[in-house]
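Chemist: What follows is a single structure, and I will ask about it in a moment.
FYI, it's all coordinate maths here, none of it is from the lab. Everything numeric here is computed off the predicted structure, so don't read it as measured data. Using ideal geometry, Cβ is built from the backbone for each residue, glycine included, and neighbour counts are taken over all protein chains shown.
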């Protein structure tokens, strides 16, 4: 499949997902659709990179955003992104800050008693080390 066909197929998938968003009464389903849409938009970025070439295979994950879009967070700054009062929900793992706002597993900005706005490296590594869970989350920055 050439790039144009792949891009057209991806755009059709995005349009179908947008239509589902309008008709879905369930917040969890909408959040899952939004996560999927985010991946599809990034797929379009990969298909039609600004310079006309695909990124290297190692960078072809949903969270491999350009580093220029990344910001640095202190522990105090991260704590403001707790998912409350309209704020997005961010968590840090191994020095990387991820956006869990629209992730169904992080409903109400909590996950099995853990709260967004924190560095959860120890907790993540004790339960999920070596698993590709984080690859599905958007990266928003780095811890300093």
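Chemist: So what does log10 I(q)/I(0) come out to for the stretch 67-143 at q = 0.13, 0.15, 0.21, 0.23 Å⁻¹, using the Debye formula with one equal point on every Cα and no solvent?
Modeler: Ignoring solvent entirely, the Cα scatterers give -0.33, -0.44, -0.90, -1.09.
Chemist: Okay, moving on. Give, in nm to one decimal, the length gained when the segment between residue 104 and residue 15 is fully stretched (0.36 nm per residue of separation minus the Cα-Cα distance).
Modeler: Values: separation 89, 0.36 × 89 = 32.04 nm, distance 2.12 nm.
That pair, residue 104 and residue 15, stretches by 29.9 nm at full extension.
Chemist: Taking neighbour counts of Cβ atoms within 10 Å as a proxy for exposure, in what order, fewest first, do 110, 74, 10 appear? The partial results should precede the final answer.
Modeler: Values: 110 15, 74 9, 10 18.
With the sparsest Cβ surroundings first, the list reads 74, 110, 10.
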